[in-house]
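Student: Sharing a structure, written as structure tokens. Questions coming.
Derivation of every value follows stated rules applied to the coordinates shown; laboratory data play no part. In this text, all values refer to a predicted model and were calculated from it rather than measured experimentally. Cβ sites come from the backbone with ideal geometry, for glycine too, and all protein chains shown count toward neighbours.
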Amino acid sequence: MVRILLVGPHRSRQGGVANHIRALLTSQLREQYDLDYFRVGSSKQGGVLNVIITSLFTPIRYLLKVCFQRPAVVHLNPSFDYKSLMREFSLVLISRMFRLPIVTQLHGGDLERVKQHGTIPIYLRCLLKWSSRLIVLTKIQREPLLEYVDVHKIAVIPNMIDVTQFDRTRSERQDEFHLLFLSRMEAEKGILDIYEAIPLILEKYPNLRISFAGEGKDMGKLKLLCSKKPFCDAVNFRGYIRDDEKIDFLMSGDIFILPSHHKEGMPYSILEAMAAGLPIITTSCGAIPEIIDDGENGFLIPPGRPDLIADRVERLLSNLHLRSRISVNNKAKAKSQFDSRSVTRKFSEVYEHVRK
């Protein structure tokens, strides 16, 4: 079988890129290709010394890998940050030594983060030029790249999920409702906005429960804030969850909330919430509007508006017909646009194109 070398972070890590690597390795692509995997970075956050050692040895490990195994295609998965792009640039140089086709899938979505003096650095220009094909998640992410590469070099392929994992019946409740958050526990993801919205929602729905799933630098702060409030018993912190535990978590909810301030790409948590049939309240940051149609899949609000979070929650909880209609819309959209069975065909087309 044709060997594809997937390059990405440790599969046990949190975050969208690690999620993406796990999705590719377990997808239907296994039936068509010999999927190999090369880890970059460490399995967990480490100190400065660990970062330095890992950075120094990654190119050496990669050189040995491609020298002895000679994949047909290399599939890189950098994020839009300096460290990730510089690391991947070194792997591009090695891949070119062996004349290997390179597919570079860019994650994160904010080209502005790496610009210097209004333009992108030389190493990124070379990475874009020397890649045989580029992949982005959305058309919004593609637009700023067109200044540097031809549109035909860029494939738009969304994140993918296995929608069959969510083929369960969710019961609609009329009394005790459950709101869900699933992402990094950081202020830029809007967790403090949810905190400020909670008392506004509880005024009308005192039996409401709110569950936060994920880990991050601001989780301790949020726990401390909640512990000092009368509504602390209504709030639950689940920590980092994945696999069946994550599916059970999403199927237990009534509304999914991600009021992010971050310039998002295509959050897996939103796609999974859609597959679970949850109405979604999120913001218009980054490429989210390309996933969520306001009023059809949930509601889009500006970031930093706890009052609007409360308003949209109340609007959904007070209208069973609206929740049911959005639930049907979301399950249909997840199946038609983000199911792994259709998305993997797009990756296969890219692999076959660069091999010619």
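Student: Enumerate by residue number the trypsin sites (Lys or Arg not before Pro) in the stretch 93-162 meeting two conditions: DSSP loop (anything except H, G, I, E, B), and at most 14 other Cβ atoms within 10 Å of the site's Cβ.
Tutor: For trypsin sites (Lys or Arg not before Pro) across the stretch 93-162 that sit outside H, G, I, E and B with at most 14 neighbouring Cβ atoms in 10 Å, the list reads Arg99, Lys115.
Student: On a straight-distance basis, which lysines could pair with Lys129 in a cross-link, Cα separation under 26 angstrom, same-chain partners fewer than 8 positions away excluded?
Tutor: Lys65, Lys83, Lys115, Lys139, Lys153, Lys263, Lys346, Lys356
Student: Explain nothing, just the number: dipole magnitude of the stretch 209-334 about its Cα centre with +1 on each Lys and Arg Cβ and -1 on each Asp and Glu Cβ, in debye rounded to the nearest 20.
Tutor: Computed charge dipole of the stretch 209-334: roughly 340 debye.
Student: Determine the gain in length on full extension of the stretch His10-His152; use 0.36 nm per residue of separation and subtract their C-alpha separation, reporting nm with one decimal.
Tutor: Taking His10 through His152 to full extension adds about 48.0 nm, to one decimal.
Student: Once the principal axes of the Cα atoms of the stretch 119-210 are found, what is the range along each, listed largest first in whole angstroms?
Tutor: 57, 33, 18
Student: Regarding the stretch 69-145, what whole-number volume in Å³ per residue does the convex hull of its Cα atoms give?
Tutor: Working: hull volume 6.5 nm³, N = 77.
Considering the Cα atoms of the stretch 69-145, their hull volume per residue is 85 Å³.
Student: I've got another one for you. Write down, largest first, the equivalent ellipsoid semi-axes of the stretch 181-260 in whole Å, where each equals the square root of 5 times an eigenvalue of the alpha-carbon gyration tensor.
Tutor: Semi-axes, largest first: 19, 16, 11 Å.
Student: Under 5 Å between amide hydrogens, which residues at least 5 positions from His178 or on another chain qualify, with H placed 1.01 Å from N in the peptide plane?
Tutor: Arg209, Asp254, Ile255
Student: Averaged over all directions, how much area does the convex hull of the C-alpha atoms of the stretch 274-340 cover when projected, in nm²?
Tutor: 4.4 nm²
Student: Let me ask another. Would you mind getting me the FRET efficiency between Lys356 and Lys139? Use the beta-carbon distance for r and R0 = 35 Å, nearest 0.05. Could you put the intermediate results ahead of the total?
Tutor: Values: r = 25 Å, r/R0 = 0.72.
Once the sixth-power term is evaluated, E becomes 0.90.
Student: What size of dipole, in debye to the nearest 20, comes out for the chain about its Cα centre when the only charges are +1 on Lys and Arg C-beta atoms and -1 on Asp and Glu C-beta atoms?
Tutor: 1460 debye
Student: Taking just the C-alpha trace of the chain, give me its Rg and Dmax in Å.
Tutor: When restricted to Cα atoms, the chain yields Rg and Dmax of 21.2, 65 Å.
Student: Could you list the square roots of 5 times each eigenvalue of the Cα gyration tensor of the stretch 219-356, that is, the equivalent ellipsoid semi-axes, sorted largest first and rounded to whole Å?
Tutor: Semi-axis lengths for the stretch 219-356 are 30, 18, 16 Å.
Student: Quick test of the membrane-span-like rule: which DSSP H helices of the chain reach at least 24 Å along their long axis (C-alpha atoms) with mean Kyte hydropathy at least 1.6?
Tutor: none
Student: Further, regarding this structure: What 222 nm value per residue comes from the helices of the chain, counting each DSSP H run with n ≥ 4 as -39,500 (n - 2.57) and dividing by all residues, nearest 500 deg cm²/dmol? List each step's numbers first, then the result.
Tutor: Values: 12 runs with 141 residues, N = 356.
Taking each H run of at least 4 residues, the total per residue is -12000 deg cm²/dmol.
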